[in-house]
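Shown next, in structure tokens, is the structure this report addresses.
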Amino acid sequence: MKIRVLAMGRPREPFIVKGLEHYQTRLKPLLPVEWTFLPEPGKGKNLTVEQRKELEGQEFLKRVGREDVLFLLDERGRQLGSEEFAAEIFERLGGGRGTLIFLVGGPYGTSAALQKRGNVIISLSKMTFTHEMALLLLSEQIYRAAMIHEGSKYHH
């Protein structure tokens, strides 16, 4: 089983891009992660929030297979400590086929169809973050999970 991060829109903030590159480099020898940034559907069109979420949801669902395990980031999701997060990831990686997918939706959240499809729905915090910041925090937590799994002193 491999890991893929799916996100709506390519990060633009230079510090976010630099941070993502940092964790991608550190993760590569430990736990290869594929990063996919989807173009925002309907960008520039006058859509309601629900229409935008629905279009984004359709684009995401095209990339999630039947056997894939979908970790959906959502502010209403379950909050895990770093050790619980690591255990959840490596338990899923140890069994089954398909891909373990972390999905970070657009700025308005995710569609009902994505919520229904999510195998694990998690929240990074009770606080609200931009979806770009959520990507950066997620990348650090995936790296931390790999370090916990390796028994590294990174997590203390």
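The values are calculated or read from the model by the stated rules, or taken from the named source; none is laboratory data. Predicted model only: the values in this text are computed from it and were never measured. Cβ sites come from the backbone with ideal geometry, for glycine too, and all protein chains shown count toward neighbours. Accessible surface areas use protein heavy atoms only, side chains included; no ligands, DNA or RNA. Shrake-Rupley method; radii C 1.70, N 1.55, O 1.52, S 1.80 Å.
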Within 15 Å of Val49 (Cβ to Cβ), open to solvent by less than 50 Å² (accessible area, probe 1.4 Å) and among the hydroxyl-bearing types (Ser, Thr, Tyr): does that describe Thr99? no
Residue hits (the stretch 1-10; buried (at least 18 other Cβ atoms within 10 Å of the Cβ) and on the phi < 0 side of the Ramachandran plot) are Ile3, Val5, Leu6, Ala7, Met8
**Prompt:** Does any residue of the stretch 11-28 turn out to be over 29 Å from Gly151 (Cα atoms), modelled with pLDDT under 95 and surrounded by 15 or more Cβ atoms within 10 Å (Cβ to Cβ)?
**Reply:** yes
Of the residues in the stretch 113-147, those that are closer than 24 Å to Lys62 by Cβ, open to solvent by 10 Å² or more (accessible area, probe 1.4 Å), in contact (Cβ under 8 Å) with a residue 12 or more places away in the chain and assigned to a helix (DSSP H, G or I) come to Ala113, Gln115, Arg117, His131, Glu132, Ala134
The condition from (1) touching a residue at least 40 places away in the same chain (Cβ under 8 Å); (2) charged (D, E, K, R); (3) part of a helix (DSSP H, G or I) that Glu84 misses is numbered (1)
Screening Leu38, Leu73, Leu55, Leu80 for residues that are crowded, with 16+ Cβ neighbours inside 10 Å, more than 13 Å from the chain's Cα centre (by Cα), among the hydrophobic types (A, V, I, L, M, F, W, C) and farther than 16 Å from Tyr143 by Cα leaves only Leu55
